[in-house]
Amino acid sequence: MIGKTQGVFQHLIIIFLLLAAVWVSAAERASFGMIVKPVSDEYARFIGLDGPEGAYVVSTPASGGLRPGDVILKVDDAPIKTPADLQEVIRVHQPGDQVQLMIARGKERVQISYALKSAASSGAGFRPGQAARMPSGLGSFPTIESRDFEKEVLKSERPVLAYFYANWCVPCKTYLPIMQEIGQQHADVKIVGIDVDKSRDIVNRYGISGILPAVILFNGGREIDKVMRVSKKALVDGLLTKIRKDGDEIEVFPSIGKGHWITDVAFIKDSGWLTSRDSDQTIFIWDYRQGALVRTYRAVKSALSPNGAYAALADKNRTAIAVVDIAKQKQSLIQTKLFIEKLAISPFGNAIAGFGAEQNGRFSVNIWTPDNRLIRSIPVDPENNPLMVQFAFSPDGASFALSTLNKLEFFATENWERKTVVTMKGAARVLQFTSDSRAILAPGVDENLVDLQGRKTRGIGGRTVVGRPDARLLIVDNGDNSFRLMSDKSGGTGLRFAGHRAPVNAGAVGDAVRWLASGSSDGTVRLWDPATGDEMVQLLAFGNGEWIVITPEGYYNASARGHEFLNIRRGSRVYGMDQFYDVFYRPDIVSAKLKGDPIAGLVTLTVEEAIKNPPPAVQISFLPDRTGDAKVKVCYRVQSTGGGIGEVRLFQNGKLIKSDGFYREVASQDMMATLKLTQLDGGTVYRDMRSLTIREKQSPGAVVLRAKGDVFEECLEMETIAGENEIGLAAFNASNTVQSAMSTARFLSTRATDEPHLYILAVGIDRYRDASINLKYAAKDARDFLAQLADKAKTIYKPDNIHLTRLIDERAGKSDILKAVEKLASEVKHGDSFIFFNASHGLLLQSQYYIVTGSFDGSLNRSESLISSNEIVEMSKKIKSLSQLYIFDTCHAGGVDAIVSGLYDARMSVLAKKMGLHIYASAGSVETALDGYQGNGLFTHALLEGLKNGAAVDKDKSGAVTVKSLGIYARETTREISNKLGHPQTPLMINFGKDSRLFEVR
């Protein structure tokens, strides 16, 4: 098995090596006539080899004595360490020569005499791994490799079409004339070929998922769009319209293909969860009501049950199987005697099928119960290439189908008797039961629809849509990456669903689910309205743990860095979603869309409206490479590109040090005064956001303090910090809706490092002037956190350099907190660290987050008792420290539902990004706050446990607990305990600043 760095194509071809001499006078050359691959570490251990040596036989001629699964260790006296060694030993032989092979067949070592074949007998067709026969340079346009990619593509003055192909790929040769015709018609476009086997770094970077040929259009050094499976000229013509002057289409798109293609999707009944599985064997659990990734299961080999409720996961050695009840999060373990190649699991989780090699070298399909009992073993004929073996459970769990070369078998799972054997022609590429469990779909064979009695017909093709046993629903590919939804009653027609950029492989519906789900080779799962064909959202998970859920309007929910994989294109211009983060990161809108609610009342701005006013261009003037001065002069220039100039933000080492914009307070004081804190439930917040939308339609972004015209230049003196200084500059358009790409410059300060100081401001409020909202543990939380962190921090800071400020109850009014901040602003230096801890009530109103201070008397008076997110930003700017952490353990009197949590996420994330800092934020209900946990609020309890157990937090054994590692530990601990208590709570850990140490682990 090859490593994951080469795994993009392993499910398509497993990087086969056809062992023949170089293609010259093939009739006179000798060949082994077989397909081999490298031996994996795991298989070497399984059969008792000292290491991954030899050549693993994937397929072989019927005569000759070799079998799939054999490992060739020697040819005559020549040791074979890798498949390439076979090519060397064959050079001295002629067709018909007998060679002696030493092979490993399981744990046995066998010697056989093998007659070499003629290379010509291998056939003249195109085969995986065969020596190149495509014209060098693809005929009329050149092939480039990694070393030339930047020059020929990214820095090209002309638009570039990159044609991704492989020498073993038959369609790549078939569709080559399409690209040649495009080249003749569009002289202003450069076309280059990229051999996927020679340029894997490019393949991985741009997400070519294995569907070949593929084309990516580049312009100005950026990817504009891509198409997988270029089978029609119209697909490429469609790409080129996106860079023409009259191409004004606006499109939001993830960097598709950077994930692996989707093979399975299913809605888990009565759960609110959607499961998907990709070609990298990873299983994703999505909350399709909220639009968020819940959980991920990774394995070397995996399977998902037809209803998505159960998963089977092979361990890294591929000899044990974990059986997972996804909804209940329970697991059991099966120990096998197979080297597992493929898995399947029944819809009830009561039977698990595994295919692989036994230790005697033979292949079989074994069936187990979850309690590790072997039910049946089905031998597989040695003539079968392992890739030909397919098997599946029916959606009702009553049947099991096994497809091998020229044969299809049905078994009854009640007693595992073989019920039907059907003679087929060829081998199925995919095996799926119809959704009514009465027949099998077997693409790749002539008559591809076979019922349980063995009757064969020619079906319409397509893939099964799971979840509706009362109808045979199918997703049928239209050939242009769109699909139509068909049933046995649709009469050959169906509604068209367009949006995927690669073929669709899977579909799902549910009894109580209003959406249709589809999974594609473009790496996305998409939810659709089956009545209209409209796309609701895209769900995309990447191999690095990041994910995105996005609506067609551009509003999205994402992991901490998920937005980095999201782009917006208008014509030939492509923007990163990071430039729209402040406006379009809206988990609450995603949730509303998935509930089927109209979102027009929540939308202050659409992507189409925002992108009409492009962001300005920004540039930082020259800075010295190094300086010993305490201050440097930083000058910068901002120039409009047609959308004007709005707020300008300047960052130092990621932290906001200057900005000239703020979010307006749009709510009238009279309106707010009529509300009570306990009235701010999800419904109120929802209505409030809709009313805000009406007032914000004309100017939804921040307010700037001064007009700037079309060109704005400014200089300021900036204090340096010892070591590397990174200056970042970003500016918004005049309406403050689209941010420019960040411009950065760096210099090294050689000034002496000052002795570091730590400043902690802790606020805890139990007693309010309005006693009806009093809390129980907030004051104690502030005291305990302050004391425990201060004690731990002595491992880094001198005791005299740790400065503590504590504001409790009546001493924690708004004016008290702001005065404390002013005092700290005069003391804290750039190289110091600052931590703000707040345990109190919090609220969301009119797109702002507020801390409810101790002076709150029942009236929502901003000026007297509420500290807004605007004021928190100003606090962070006044305090010079470049290392700041803000912790908000707040209780929401109106309760925390999906709307509150989604908007809370959006506002806190935008706040952290704007400040360039770290934020821990946990929003709980009053009930949860009053209950507490072991003498503290739940989230603070998790933080305190992390401070006590530094070794458990420091999972990477760095010797220190950092801001990021403590946040991860506290989030997971809070989530685990809250689930057990029946009040699920997942804190937000938002990291936009550089990580820093909190204390050393000793």
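The values are calculated or read from the model by the stated rules, or taken from the named source; none is laboratory data. Remember, predicted model here, so these are calculated numbers, not experimental data. Every residue, glycine among them, receives a Cβ derived from its backbone with ideal geometry; neighbour counts consider all protein chains shown.
Just one residue in the set Lys914, Lys823 is assigned to a helix (DSSP H, G or I) and at pLDDT below 90; that residue is Lys914. Residues in the range 184-237 that are surrounded by fewer than 20 Cβ atoms within 10 Å (Cβ to Cβ), of a type in the set (Lys, Arg), touching a residue at least 60 places away in the same chain (Cβ under 8 Å) and under 15 Å from Pro171 (Cβ atoms): Lys232 only. Here Asp889 meets each of (1) modelled with pLDDT of 85 or more; (2) outside any strand (DSSP E or B); (3) closer than 25 Å to Asp588 by Cα with one exception, condition (2). Taking the range 509-533 as the range and being free of Cβ contacts under 8 Å to residues at least 40 places away in the same chain and farther than 24 Å from Gly562 by Cα as the test, the residues that pass are Asp529, Ala531, Thr532, Gly533.
The criterion of being touching a Leu at 6+ places or on another chain (Cβ under 8 Å) and modelled with pLDDT under 90 holds for Gln846. Could you check the range 73-112 and list, in sequence order, the residues that are in a strand (DSSP E or B) and not aliphatic (A, V, I, L, M)? Residues satisfying the conditions are Lys74, Pro79, Gln98, Gln100, Arg105, Glu108, Arg109, Gln111. Please tell me if Glu871 is assigned by TED's automatic domain parsing to the domain that holds Asp770, under 27 Å from Ile721 (Cβ atoms), outside any strand (DSSP E or B) and not basic (Lys, Arg). Yes, satisfied.
Residue-wise test of (1) over 26 Å from the mean Cα position of the chain (by Cα); (2) of a type outside the set (Val, Ile, Thr).
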site	(1), (2)
Phe580	no, yes
Val603	no, no
Val607	no, no
Pro614	yes, yes
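Can you confirm whether the range 368-388 contains a residue that is touching a residue at least 12 places away in the same chain (Cβ under 8 Å), out of contact with any Asp or Glu (no Cβ under 6 Å at 6 or more places or on another chain) and under 27 Å from Ile475 (Cβ atoms)? Among the residues of the range 368-388, at least one is touching a residue at least 12 places away in the same chain (Cβ under 8 Å), out of contact with any Asp or Glu (no Cβ under 6 Å at 6 or more places or on another chain) and under 27 Å from Ile475 (Cβ atoms), which makes the answer yes.
Within the range 552-562, restricting attention to residues that are surrounded by fewer than 24 Cβ atoms within 10 Å (Cβ to Cβ) and not small (Gly, Ala, Ser), the residue that is farthest from the chain's Cα centre (by Cα) is Glu553. Scanning the range 516-550 for residues that are under 13 Å from the mean Cα position of the chain (by Cα) and either of a type in the set (Ser, Thr, Tyr) or outside the structural domain of Met577 (by TED's automatic domain parsing) (or both) yields a total of 1.
All of Gly48, Gly69 fail the test of being assigned to a loop (DSSP other than H, G, I, E, B) and over 37 Å from the mean Cα position of the chain (by Cα), apart from Gly48.
Close contacts from the range 403-426, counting a first residue that is in the same structural domain as Val450 (by TED's automatic domain parsing) and free of Cβ contacts under 8 Å to residues at least 12 places away in the same chain and a second that is of a type outside the set (D, E, K, R) and not in a loop (DSSP other than H, G, I, E, B), with Cβ to Cβ under 6 Å and a gap of 6+ residues or different chains, come to Arg418/Phe411. Which residue out of Glu553, Glu564, Glu546 is among the acidic types (Asp, Glu) and at pLDDT 85 or above? Just one listed residue meets the conditions, Glu546.
Could you say whether any residue in the range 968-981 is part of a loop (DSSP other than H, G, I, E, B), farther than 19 Å from Ala839 by Cβ, at pLDDT below 95 and not hydrophobic (A, V, I, L, M, F, W, C)? No, the range 968-981 has no match at all. Every test in (1) surrounded by fewer than 20 Cβ atoms within 10 Å (Cβ to Cβ); (2) modelled with pLDDT of 80 or more; (3) under 30 Å from Gln359 (Cβ atoms) is passed by Pro128 save one, and that test is (2).
Just one of (1) assigned to a loop (DSSP other than H, G, I, E, B); (2) in contact with a helix residue (DSSP H, G or I) (Cβ under 6 Å, 6 or more places away or on another chain) fails for Asn557. It is (1).
So, in the range 863-891, exactly how many residues are of a type in the set (D, E, K, R), in contact with a helix residue (DSSP H, G or I) (Cβ under 7 Å, 6 or more places away or on another chain) and surrounded by fewer than 20 Cβ atoms within 10 Å (Cβ to Cβ)? Adding up the residues that qualify gives 2.
Is one or more of the residues making up the range 238-258 modelled with pLDDT of 85 or more and either buried (at least 23 other Cβ atoms within 10 Å of the Cβ) or over 26 Å from Pro552 (Cβ atoms) (or both)? No, the range 238-258 has no match at all.
Per-residue answers, yes or no, for (1) crowded, with 23+ Cβ neighbours inside 10 Å; (2) of a type outside the set (A, V, I, L, M); (3) closer than 29 Å to Lys226 by Cα:
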site	(1), (2), (3)
Asp280	no, yes, yes
Ile283	yes, no, yes
Trp286	yes, yes, yes
Gly291	yes, yes, yes
Ser305	yes, yes, no
Thr319	no, yes, no
Phe339	yes, yes, no
Arg362	no, yes, no
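Residue by residue, here is whether (1) of a type in the set (S, T, N, Q); (2) farther than 18 Å from Ser394 by Cα; (3) within 31 Å of the chain's Cα centre (by Cα); (4) not assigned by TED's automatic domain parsing to the domain that holds Lys233 holds:
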position: Leu431; (1), (2), (3), (4): no, no, yes, yes
position: Ala439; (1), (2), (3), (4): no, no, no, yes
position: Pro443; (1), (2), (3), (4): no, no, yes, yes
position: Asp451; (1), (2), (3), (4): no, no, no, yes
position: Gly454; (1), (2), (3), (4): no, no, no, yes
position: Thr457; (1), (2), (3), (4): yes, yes, no, yes
position: Ile460; (1), (2), (3), (4): no, yes, no, yes
position: Ser482; (1), (2), (3), (4): yes, yes, yes, yes
position: Met486; (1), (2), (3), (4): no, yes, yes, yes
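If Lys792 meets every condition in (1) under 41 Å from the mean Cα position of the chain (by Cα); (2) of a type outside the set (S, T, N, Q); (3) closer than 27 Å to Arg769 by Cβ apart from one, which number is that one? Here Lys792 meets the rest and fails (3).
Conditions (1) over 21 Å from Thr263 (Cβ atoms); (2) surrounded by fewer than 19 Cβ atoms within 10 Å (Cβ to Cβ); (3) out of contact with any Ser or Thr (no Cβ under 6 Å at 6 or more places or on another chain), marked per residue:
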residue	(1), (2), (3)
Phe400	no, no, no
Ser403	no, no, yes
Glu409	yes, yes, yes
Asn415	yes, yes, yes
Val430	no, yes, yes
Ile440	no, no, yes
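In this entry, Gly349 is excluded by the filter for residues that are part of a loop (DSSP other than H, G, I, E, B) and farther than 24 Å from Phe284 by Cβ. Scoring Tyr575 on the criteria (1) part of a strand (DSSP E or B); (2) surrounded by fewer than 23 Cβ atoms within 10 Å (Cβ to Cβ) leaves a single failure, condition (2). Among the criteria (1) out of contact with any strand residue (DSSP E or B) (no Cβ under 6 Å at 6 or more places or on another chain); (2) within 24 Å of Arg569 (Cα to Cα); (3) aliphatic (A, V, I, L, M); (4) part of a helix (DSSP H, G or I), the one Ala187 does not fulfil is (4).
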